[in-house]
């Protein structure tokens, strides 16, 4: 079977299939040169040049919460200051499975040129760490003059320090709910909406839709963010979620990056039909696979 297969998926801890008698290095060199072996594991395949004590790192059992924690991703996912894994298995799916798919696609492309398959090491922890690259790099760049004008040599004010007030704290920075224009708010019916009005023009639209003067809510006055958040929260609490979507003919929804927080079931029902939002299989309604080729 392997001689005629394109891809073999190995989702076990390192060495599991070898214990069954499969030697992939030899097999892919001789009998099944076309075979692509995607090895998805928690901590990666064991390097050949390390001692037994070091090998134990790669052989450990684990689950999504472990990979989130060791990749550094769980630090950014908190509830009341406590690391809290989301119900969506981010590490398993995005850090492991999707990274493995990318590796398989690259290996298929390479095979089309060389005729030979590959062995892919898809470590879930490493893949999750890579997934959070922007988060990690922006923290390292914070408060540094990273970008400079080629003409004046002066720092460009769009460097990574804009994202962070304090890299040691959550809920006080630009993208973690600290900014009043990039966070969730509760509505009159105890539902939620979010605003993502990062750009000045969208922020001005947000203020216009809420009836707030720009002078009283300067966007980048970070000391004023707590006060502006309280102001926004009090206004959003005056209408239901649906009323905010329809407010002033949907002005905020259309022009100020305002969105409803849908439940998974609502998301399948409420998005436009031409987005092929869902399909039914075995009595279950599921999101359609994406991306699609147009």
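Every number in this text was worked out from the coordinates using simple rules, so none of it is lab data. None of the values given here were measured: they were computed from a predicted structure. Every residue, glycine among them, receives a Cβ derived from its backbone with ideal geometry; neighbour counts consider all protein chains shown.
Points to keep in mind about this one:
- Sorted largest first, the principal axis extents computed over the alpha-carbon atoms of the stretch 169-261 equal 33, 24, 18 Å.
- Most to least packed among 203-211, 257-265 [average Cβ atoms within 10 Å]: 203-211, 257-265
- DSSP bridge orientation in the chain - percent antiparallel, rounded to nearest 5: 60
- One equal scatterer on each Cα of the stretch 218-294, no solvent, Debye formula: the resulting log10 I(q)/I(0) at q = 0.16 Å⁻¹ is -0.80.
- Calculated FRET efficiency, residue 269 to residue 290, Cβ-Cβ distance, R0 = 25 Å: about 0.90 to the nearest 0.05.
- Antiparallel beta bridges, as assigned by DSSP with both residues in the stretch 2-131, represent about 20 percent of the total such bridges.
- Computed Kirkwood radius, in angstrom, where 1/r is averaged over Cα pairs of the stretch 2-131: 15.8
- Relative packing of 224-230, 192-198, 90-96, which averages over residues the other C-beta atoms within 10 Å, highest first: 90-96, 192-198, 224-230
- Its DSSP H runs of at least 4 residues, each contributing -39,500 (n - 2.57), put the calculated 222 nm mean residue ellipticity of the chain at -10000 deg cm²/dmol, to the nearest 500.
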